[in-house]
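The values are calculated or read from the model by the stated rules, or taken from the named source; none is laboratory data. Note that this is a predicted model, so its numbers are computed, not measured. With ideal geometry, Cβ positions are generated from the backbone for all residues, glycine too; neighbour counts draw on all protein chains shown.
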Amino acid sequence: MPSDLSHLSGNPKLIQAIIEEISFKGPLTFARFMELALYHEGHGYYMTQAIEHDQSSQERIGWGGDFYTAPELSPILAKTLVRQVVEIDAQLGHPTPFVFVEMGCGNGTFAGDFLQYCEEIAPDLLARLNYFLVERSLYLQSVQESYIREVMGSRGESQLRWVSSVEQLEGDSVTGVMFSNELVDAFPVHRVRFNTDHFQEELVDFEDGQFMKRLGPLSSPSLEKYMSQHGVGFHEGQTSELHLAAGQWMFHVARVLRHGIVITVDYGHTGSDYYASERNNGTFLCYYRHTVSMNPFERVGEQDMTTHVNFSALAKAGEEGGLNSIGFTTLANWLMGLGVEEMVGDQDPESKEIQALSQLLRPHGMGTTFKVLIQRKGLEPKSLQGLRYRAFFDDVL
Ligand SMILES: C[S@@+](CC[C@H](N)C(=O)[O-])C[C@H]1O[C@@H](n2cnc3c(N)ncnc32)[C@H](O)[C@@H]1O
């Protein structure tokens, strides 16, 4: 173990922990490296607050952080979700309680906005609502709690509950909606390369004072199983991601939901688009102060790491757990179906709201890169407002 690691960029304690694990166990899978970089208990990116060189602190998510998300851009996603949930509540026969589970809650902005708008347009639903926040980071749980208290005061306080993983929720315990925005893209992924008829896995090693990638045999039979299950076809020389964690997460979502709808919003593709030859190096990216890089070995623990979502695999994992996919559309079509145009009404085109909305609807940006997958369980197959404008044929997944 080298004593001077000051030439490596990132959180020194995290770098040390990763090097220790490599020297103890040998090269790590890329998934394990990503897991430690983002979720190491004491030093991972999402588990800690960013500390600037001048020792001031700041958030990771949002305009002042490394990347922004739809809820950080505008309350419009939360407001349209309330509209959609009101419709689902009616389809479920107005249950008490109606459970809304948000998974991967960031700064708590979506939750705060959702609760406020629900109070405004559907107080009867709010009175019956149990809002569960599933958040892995204890640090972010406290950020969420403060934000919700700031906007809601003590209103609805007793209806909120935090858990750190969906595994902690009891089977068949939810009648309502299970929602996530940009959660699945934050799961660790395995990276695999296909060369002359065989697969090798990307591993992370530490040599001559540097992190480096090397190739090794597949670390687990689950990777081959995943590829055959999801019909993943690599091209010669292609390196791409396999999303085991996403499948496991979806399995638990399906297990927990009794009656209701799963709404998953994220950037991603169908399986055939994901492994198309134009994505020869997969979709892995890092974000730091709104700049993009492909280098996981800089700013370790101080930059976000993400990959696009394979929605076909996610839908299939859900089906195996008893969910039916009832819709797959773009974020733009979803928002239009829920009436965003009428919601912003006659506001000034230069207003912050309209600017944010045009960002969310951008045809070559968030509006189409972001997709919405809708799955249902134990509920009559009725249409939903958000699926009024289908972007794809039904069998695209
Ligand atoms: C990219 S951020 C998105 C945050 C928020 N949904 C938004 O749109 O602003 C991902 C969030 O998911 C959380 N997270 C990651 N893995 C998780 C897991 N397995 N269970 C619950 N939360 C998780 C992270 O801590 C973080 O809050």
The stretch 221-250 - residue that is within 16 Å of the ligand (Cβ to nearest atom) and of a type in the set (Gly, Ala, Ser) and, of those, nearest to Ala317 (Cα to Cα): Gly247
Residue that is under 18 Å from Val101 (Cα atoms), not hydroxyl-bearing (Ser, Thr, Tyr) and not in a strand (DSSP E or B), where the choices are Asp172, Asp266: Asp172
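The rows are residues; the columns are (1) touching a residue at least 12 places away in the same chain (Cβ under 8 Å); (2) among the β-branched types (Val, Ile, Thr).
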site	(1), (2)
Val262	yes, yes
Asn281	yes, no
Val292	no, yes
Pro296	yes, no
Asn324	yes, no
Close pairs (6 angstrom Cβ cut-off, 6 or more residues apart or separate chains): under 15 Å from Thr239 (Cβ atoms) in the stretch 182-205, among the aromatic types (Phe, Trp, Tyr) and within 16 Å of the ligand (Cβ to nearest atom) anywhere: Val204/Phe33
Test result for Gly108, of a type outside the set (Lys, Arg), within 9 Å of the ligand (Cβ to nearest atom) and crowded, with 18+ Cβ neighbours inside 10 Å: yes
Test: residue in the stretch 186-203 that is at pLDDT 95 or above, charged (D, E, K, R) and assigned to a helix (DSSP H, G or I): no
Helices (runs of 4 or more DSSP H) lying entirely in the stretch 16-106 (those with 1 or more residues that are touching a residue at least 40 places away in the same chain (Cβ under 8 Å), more than 20 Å from Glu182 (Cα to Cα) and acidic (Asp, Glu)): 76-91
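Can you tell me how many residues within the stretch 91-105 are of a type outside the set (Gly, Ala, Ser) and within 16 Å of the ligand (Cβ to nearest atom)?
Within the stretch 91-105, the first condition is being of a type outside the set (Gly, Ala, Ser), and the residues that meet it are 91-92, 94-103, 105.
Still in the running and within 16 Å of the ligand (Cβ to nearest atom): 100-103, 105.
Of the residues in the stretch 91-105, 5 are of a type outside the set (Gly, Ala, Ser) and within 16 Å of the ligand (Cβ to nearest atom).
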Looking only at the stretch 229-267, and only at residues there that are of a type in the set (D, E, K, R) and touching a Phe, Trp or Tyr at 6+ places or on another chain (Cβ under 9 Å), the one that is surrounded by the most Cβ atoms within 10 Å (Cβ to Cβ): Glu241
